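Note sheet for the following structure.
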Amino acid sequence: MVSTALDQNDPRQNHLLAVLPQDVCSDIFPHLELVTLNLGDVLYESGDQLNFVYFPATAIVSQLSVMENGSSAEIAVVGFEGVVGIALFMGGVTMPSRAVVQSAGTAFRLNGAILKQEFNRSGSFQHLLLRYTMAFLAQMAQTAICNRHHTIDQQLCRWLLLSLDRLRTNELCMTQELIANMLGVRREGVTEAAGKLQSAGLIDYKRGRITVLDRPGLEARVCECYEVVRAEFVRLLPDEIAL
C-alpha cells in the first residue's frame, strides 16, 4: 500500500503511478496535472472522444452504463488503485459509459497523446496497464452478475466495501438517491437496505453521510462478488498496489 503520508502533490498517491520504474516516472510525471474533482462531476459522457486519462488520488470515479431513457447503473468503480479512460490505450477513441465522480477528491490528469506514446513503447507501463485492465473487466463482469442475481442488501454491502477499499477513511458522502442511481434500483430499496444495516449497527447514516462502523459485519453480509473482484486485483496487480 502507498503511504498516506505522501504529499498531496505527489503522483505516487495513485498506486499505478507509485510502482512505475524511475525512467517511466521521469517521462510521465512532468506532464501530470493535479485536478480537483467534485461530487457529481462528469469526466466524460458515453460516446465522448477521450483526450485525457485520470489517475485518482483521493477521489473515486464511477463508470455508469446509461440507457436511452436516462436510467443508469454502475458497472465499475475506480479509485487510487487505477485509471479512468482505458479506451485511450486499448485502441478506442470513445468509451461506451459515463464517468462520474462518486466521491470528491483529487486526481492526476494526463494528456492522451503522452499516455499512448509511453504505452506504445511496450515496456513496464504497458504491461501494468494491461493487467489493470484485466482486473477492471473482471469487476465489470462481476457487477453485472451481482446486479442480476443478488439482493439490494447484498449489492449495497458490495458497493460500500468497494468504496471503502478506495478511500482512506470510513466515511462516505453520498445520498440514497445517488446510491440508487449507482445500483440501478429504486430509492425506496436503498432506503430499506440502509435502514437494515443501520439497525444492525453496521453503518450510521444521516444527512447524506455514511459512516461504516463495523466492516467485518458488512463482509459477513456481502455476496461472493466482492471477494471475487478483490481477488482478481490481488492476482493481477503487484503486491504494492493490490487492494
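How many residues are touching a strand residue (DSSP E or B) at 6+ places or on another chain (Cβ under 6 Å), of a type in the set (S, T, N, Q) and assigned to a loop (DSSP other than H, G, I, E, B) when one looks only at the range 139-186?
1
Here are some residues: 35, 19. Which one is surrounded by 15 or more Cβ atoms within 10 Å (Cβ to Cβ) and at pLDDT below 95?
19
Within the range 94-138, count every residue that is loosely packed, with under 14 Cβ neighbours inside 10 Å and either assigned by TED's automatic domain parsing to the domain that holds residue 168 or assigned to a loop (DSSP other than H, G, I, E, B) (or both).
Result for the range 94-138: 4.
Residues being of a type in the set (D, E, K, R) and under 18 Å from residue 167 (Cα atoms): count how many of those fall in the range 179-217.
4
Given the conditions (1) free of Cβ contacts under 8 Å to residues at least 24 places away in the same chain; (2) aliphatic (A, V, I, L, M); (3) touching a Ser or Thr at 6+ places or on another chain (Cβ under 7 Å), report the number of the one that residue 200 does not fulfil.
(3)
Would you check which residues across the range 15-36 are of a type in the set (D, E, K, R) and free of Cβ contacts under 8 Å to residues at least 40 places away in the same chain and list them?
23
The values are calculated or read from the model by the stated rules, or taken from the named source; none is laboratory data. As the structure is a prediction and not an experimental result, all values here were calculated from the model. All Cβ positions, even for glycine, are placed from backbone atoms using ideal geometry, and neighbour counts span all protein chains on display.
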